[in-house]
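The values are calculated or read from the model by the stated rules, or taken from the named source; none is laboratory data. Nothing here was measured: the structure is a model prediction, and the numbers come from that model. All Cβ positions, glycine included, derive from the backbone under ideal geometry; neighbour counts span all protein chains shown. The protein model used for the area step is the full one, side chains on, heavy atoms only, and it has no ligands, DNA or RNA in it. Shrake-Rupley method; radii C 1.70, N 1.55, O 1.52, S 1.80 Å.
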Amino acid sequence: MKLKKLTSVLLASAMVFSMAACGSGDSGKEASDEGASEAITSIDQLEGKTIGVQTGTTGDIYVTDEFGEDSVERYNKGFEAVQALQQGKIDAVIIDNEPAQVFVSENEGLKILDEAYTEEEYAIAVSKDNTELTEQLNEALQALKDDGTFDAIFDYYISGEGEAYTIDESVERDGQLVMATNAEFPPYEFHESVDGEDKIMGVDADVARAICDYLGKDLVIEDMQFNSIITAVQSGKADVGFAGMTVTEDRLKSVDFSDTYCTARQVVIVKE
């Protein structure tokens, strides 16, 4: 699937939701008067502005730490923050680069600042009680990198090259791997109609499918709010948290992580 096709599918489905924010939008914060008249062209200009983030993400954490609670407007889904920016309710959105590229490509009048807000690493969250699974995941990730599967999945979703990952039906399976995710984070995880059936697709979903082929497991994907994923892994409701999740010191207090599988960055979306 080309990235252009991906964005069209995602944003068409997004429009069925209310244009109102579903996060903490009831707080009454509004875009600053200055932001309404002066275009933001650098990160230095974010001081005193109202910044939209997805609840529980590292963007949420970083913005709150740097600019304070009063500067943050939280949303359950990234596209809701982007909609609020378009409507003039906030001054900027801080979100991961790849989803930002998707949202900006399909929404006129928005741009991404050239300077990255932060750089970070994605990994798979695992219960601290399941070191065996962490080792198995690391072995599988390395094997997928070595045989080119990993690069092929990224090329398909990021560059629009090649084909989506195909599950190996010849693999003998024993048990299942339950993956907790938040399927509102294109191109890493998102809903798509495949042969008339709603499926969760994306980089993380296909990497998880490839891992399950390697381990001989059936994959079960549970879609939930992003800030519920760590709890699901801790409680045993899910085996892994796989959702473009950044390794942070705070999260390491609750779960372990696999080896890093992707280096990413947080960027700033503003009006042109």
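So which of GLU106, GLU73 ends up being touching a Leu at 6+ places or on another chain (Cβ under 9 Å) and crowded, with 16+ Cβ neighbours inside 10 Å?
GLU106
Specify the residue that is nearest to the chain's Cα centre (by Cα); the eligible residues are those in the range 155-190 that are closer than 30 Å to GLY56 by Cα and among the hydroxyl-bearing types (Ser, Thr, Tyr).
TYR188
Which residues, taken from the range 191-209, are within 18 Å of the chain's Cα centre (by Cα) and β-branched (Val, Ile, Thr)?
ILE200, VAL203, VAL207
Restricting attention to the range 80-95, report how many residues are more than 18 Å from PHE67 (Cβ to Cβ) and open to solvent by less than 10 Å² (accessible area, probe 1.4 Å).
Selection size over the range 80-95: 2.
Report the residue count in the range 183-206 for those that are within 25 Å of GLU132 (Cα to Cα) and touching a helix residue (DSSP H, G or I) at 6+ places or on another chain (Cβ under 6 Å).
2
Filter the strands (runs of 3 or more DSSP E) completely within the range 163-272 down to those with at least 2 residues that are open to solvent by less than 10 Å² (accessible area, probe 1.4 Å) and not small (Gly, Ala, Ser).
In the range 163-272, 176-181, 189-194, 262-271 are the strands (runs of 3 or more DSSP E) which contain 2 or more residues that are open to solvent by less than 10 Å² (accessible area, probe 1.4 Å) and not small (Gly, Ala, Ser).
Being open to solvent by 20 Å² or more (accessible area, probe 1.4 Å) and either in contact with a His (Cβ under 9 Å, 6 or more places away or on another chain) or modelled with pLDDT under 95 (or both) is the filter here, so list the residues in the range 56-70 that pass it.
Those that are open to solvent by 20 Å² or more (accessible area, probe 1.4 Å) and either in contact with a His (Cβ under 9 Å, 6 or more places away or on another chain) or modelled with pLDDT under 95 (or both): GLY56, ILE61, TYR62.
Taking the residues in the range 111-153 that are under 16 Å from TYR261 (Cα atoms) and part of a loop (DSSP other than H, G, I, E, B) as candidates, determine which candidate is farthest from the chain's Cα centre (by Cα).
Across the range 111-153, the extreme among qualifying residues is ASP147.
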